[in-house]
Amino acid sequence: MIYNNQNIGRKHKGDSKFVAKCRLLQSIYRVEIGEDEGYIQRGSKRYFYGNYIMNGDKTGKNFLEDYIFDYAKKRVNNRKHYETINEERLFNNLLSSQPMAFNLFCPLIKMLEEDESSTTDILRAALPDYNIKKVMKIDLEFIPDNFKELTNDLTAMDAIIEFTDNESIPSFIAIETKYSENLGVNEASRKGKGKETITSLGIFRTEIKERIENKEVNLTQIYRNFLLSETYGIDQNKKAYSIVLAPQEHPTTGDEVNSLKNELKEEYRYKISSVNLEDFVLKLIEKSQGKYQATFRAFYDRYLNFEKTK
């Protein structure tokens, strides 16, 4: 297919080199699926971008399979009052990591319902550092019902994989998926109980309280995600791990993960890590079969085949 500026659609002047490449790849995908360029409405103005479609809540074109679209509609229609699922991002923004997470983990949810053993084998291969013995549950956009007691913060886990490890210890991996976005450098407007929690857990270096007071450490998104994971683990009596799943070329993931890891006591630094999205998806492709393998191949082509942008 020949792409040109007219059918790919408009860019965003403020994009970094990496974000521009991701936006272009999603604009190309929009052309491939035969959708016109969409826009976002801000007040009385419309802003057109190549990575937007229109009426995605009716067409389901932001999703790789019909059952993923059905799941997305179900989550929106049954949304709890505190859940932070954004309909515009979910249905119409091809670039957003929120529908990307649905496209990646909904097939795994469906696989788990059909064949627990095979799904466990696949995730054991894709996440070899976590000693997965048996996968119990996979969920998306997860906020515990008792979040106010835990962190009083509306941060959600993009995905969560609950499992028992090789020692039969109940465990879970809290997953933050990133595509073009950074993890963020600003503190949440809703402060929650972050400062109290971070000092009470006992896994951070002793000087972190002073570093927070001196504004040397800000409780940015990666900290809030981690604190949710750790407090939920304590609440559920489960071993907690946190990972950031992002493309290899993502320019800030490594620094963001290390900024948190370096604030932990050395013996707890295993709790947070970054995982290369390409490696994860390629392992899913290698270990799965049939319709699921086809979906993961389509996922890779849509989100990670940056050769198309050259």
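On the basis of being surrounded by 18 or more Cβ atoms within 10 Å (Cβ to Cβ) and at negative phi, does Ala156 make the cut? In short, yes. Among residues that are open to solvent by less than 10 Å² (accessible area, probe 1.4 Å), touching a residue at least 60 places away in the same chain (Cβ under 8 Å) and of a type outside the set (Phe, Trp, Tyr), Met111 is not included. Of everything in the stretch 165-204 that is at pLDDT 85 or above and polar (S, T, N, Q), the residue that is surrounded by the fewest Cβ atoms within 10 Å (Cβ to Cβ) is Ser168.
Residues that are assigned to a loop (DSSP other than H, G, I, E, B), surrounded by 13 or more Cβ atoms within 10 Å (Cβ to Cβ) and either in contact with an Asp or Glu (Cβ under 6 Å, 6 or more places away or on another chain) or touching a residue at least 24 places away in the same chain (Cβ under 8 Å) (or both) within the stretch 79-102 comprise Glu83, Ile85, Leu94, Leu95, Ser96, listed in sequence order. Please verify whether Arg46 is open to solvent by 50 Å² or more (accessible area, probe 1.4 Å), at pLDDT below 95, of a type outside the set (Asp, Glu) and touching a strand residue (DSSP E or B) at 6+ places or on another chain (Cβ under 8 Å), treating the condition exactly as stated. When the stated conditions are applied, Arg46 passes them.
Among residues of the stretch 140-154 that are closer than 20 Å to Thr177 by Cα, those with a Cβ under 6 angstrom from a residue that is in a helix (DSSP H, G or I) and of a type in the set (D, E, K, R), sequence gap 6+ or separate chain, pair up as Asp153/Arg224.
Quick check: anything in the stretch 64-74 under 22 Å from Tyr300 (Cα atoms) and part of a loop (DSSP other than H, G, I, E, B)? Yes, the stretch 64-74 contains a residue that is under 22 Å from Tyr300 (Cα atoms) and part of a loop (DSSP other than H, G, I, E, B).
Annotation: of all residues in the stretch 205-219 being of a type outside the set (Lys, Arg) and open to solvent by less than 100 Å² (accessible area, probe 1.4 Å), the one that is farthest from Glu263 (Cα to Cα) is Asn214. A single member of Gln236, Gln248 is modelled with pLDDT of 95 or more, closer than 30 Å to Asn152 by Cα and open to solvent by 70 Å² or more (accessible area, probe 1.4 Å), and it is Gln236. Could you list all residues from the stretch 267-301 that are within 18 Å of the chain's Cα centre (by Cα), open to solvent by 50 Å² or more (accessible area, probe 1.4 Å) and of a type in the set (S, T, N, Q)? If the condition is that a residue be within 18 Å of the chain's Cα centre (by Cα), open to solvent by 50 Å² or more (accessible area, probe 1.4 Å) and of a type in the set (S, T, N, Q), then Ser274 is the only one that fits.
Of all residues in the stretch 264-310, how many are part of a helix (DSSP H, G or I), modelled with pLDDT of 95 or more and of a type in the set (Ser, Thr, Tyr)? Result for the stretch 264-310: 6.
The values are calculated or read from the model by the stated rules, or taken from the named source; none is laboratory data. Please read all numbers here as calculations on a predicted model, not as lab measurements. All Cβ positions, glycine included, derive from the backbone under ideal geometry; neighbour counts span all protein chains shown. The accessibility values were calculated without ligands, DNA or RNA, using every heavy atom of the protein model including side chains. Shrake-Rupley method; radii C 1.70, N 1.55, O 1.52, S 1.80 Å.
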